[in-house]
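Notes to accompany the following structure.
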Amino acid sequence: MFTKATGPIGVFDSGYGGLTIFDKIRKTMPDYDYIYLGDNARAPYGPRSFEVVYRFTRQAVMKLFNEGCHLVILACNTASAKALRTIQQKDLPLWDPERRVLGVIRPTVEMMDQISHSKHIGILGTPGTISSNSYTIEIGKMFPHIKVTGLACPMWVPLVEYNEFDSPGADYFVKKYLDQILAADSAIDTIVLGCTHYPLLIKKIKTYLPEGITLFSQGEHVAESLVDYLKRHPEIDDRLTRRGQCRFLTTESAEKFSSAASIFLNQPIKVEEVAID
Ligand code: DGL
């Protein structure tokens, strides 16, 4: 079905947010080749149903496999929460059982016990990620002694997408959600930014975060976990090309993507427009 024997690492997100994860992966593993795909035409995924997020994510993974990727990272919490398992269990065995799709939730969950002292954790994410209960379920399996409180922050992605993350208007919604989650469980000592857009709000979040609470941002941990995964799976690593090259694909306008992406990556990039449905 998919013909190329070797290829780049695919990184997928509904839009720009996954660039915060991609940036850390590329800095940690600069020799590898990458294709970043943003489904900007259909973002945000956050408010969409399971069925729709699965269908869109499946199309994106297929596109990246067709481009030669043998390993795809879903650098999107919503897609990881709503589509990853079905793709791994239902689609991969039919498409090509040798290819791999990994998400961002597991590498985050693995760190929770070592980061939190109070064993009370807050997860901030999109409505889709929070309503899926994925973090609560996965943390519960691995660390049943940890209490998890999730809160949807529907205004944070638009603040980032519309470049308002540094504006005075952002303060209201940053404070509102932080106050809400800490009121729900005052023993929380670790807050997970469970959405790839949220690292852009870190400056504001830190302004309103009470002392003694750790803010957990996923990028570095996803990158470290990928390095570890490739050490444990040399058969996958052998199929990844290494010329230090990177392509950026979007389902929306290339021009729009490259100007917005420069905010996330701090550098100009060349972007290709693609259709994936
Ligand atoms: N990138 C998505 C995530 O990490 C958020 C953006 C969206 O709603 O599409 O959940």
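The values are calculated or read from the model by the stated rules, or taken from the named source; none is laboratory data. Because the structure is a prediction, the values reported are computed rather than measured. Backbone-built Cβ (ideal geometry, glycine too); neighbour counts: all protein chains shown. For accessibility, only protein heavy atoms count, side chains too; no ligands or nucleic acids. Shrake-Rupley method; radii C 1.70, N 1.55, O 1.52, S 1.80 Å.
Here are some notes:
- Condition check for LYS4: of a type in the set (Lys, Arg), farther than 25 Å from LEU193 by Cβ, touching a residue at least 24 places away in the same chain (Cβ under 8 Å) and open to solvent by 10 Å² or more (accessible area, probe 1.4 Å): yes
- Looking across the range 204-244, the residues that are basic (Lys, Arg) and touching a residue at least 24 places away in the same chain (Cβ under 8 Å) come down to LYS204, ARG239, ARG242, ARG243.
- Scope the range 119-161; condition open to solvent by 30 Å² or more (accessible area, probe 1.4 Å), outside any strand (DSSP E or B) and in contact with a strand residue (DSSP E or B) (Cβ under 8 Å, 6 or more places away or on another chain); matching residues: LYS119, PRO127, ILE130, SER131, ASN133, THR136, GLY140
- Look at (1) within 16 Å of the ligand (Cβ to nearest atom); (2) crowded, with 18+ Cβ neighbours inside 10 Å; (3) more than 25 Å from GLU252 (Cβ to Cβ) and you find that ARG99 fails only one, number (1).
- Subset tally (residues that are open to solvent by less than 10 Å² (accessible area, probe 1.4 Å) and part of a loop (DSSP other than H, G, I, E, B)) for the range 162-187: 0
- Here the range 89-108 is the region considered, the condition is being in a loop (DSSP other than H, G, I, E, B) and of a type in the set (Asp, Glu), and the residue that is farthest from VAL222 (Cα to Cα) is ASP96.
- Checking each residue in the range 20-43 for being within 16 Å of the ligand (Cβ to nearest atom), open to solvent by less than 10 Å² (accessible area, probe 1.4 Å) and out of contact with any Asp or Glu (no Cβ under 7 Å at 6 or more places or on another chain) picks out ILE21, PHE22, ILE25, TYR36, LEU37, ASP39.
- Some residue of the range 62-82 being surrounded by fewer than 24 Cβ atoms within 10 Å (Cβ to Cβ) and within 16 Å of the ligand (Cβ to nearest atom): no
- Options TYR32, TYR16, TYR54; residue that is under 16 Å from the mean Cα position of the chain (by Cα), of a type outside the set (Lys, Arg) and not in a helix (DSSP H, G or I): TYR16
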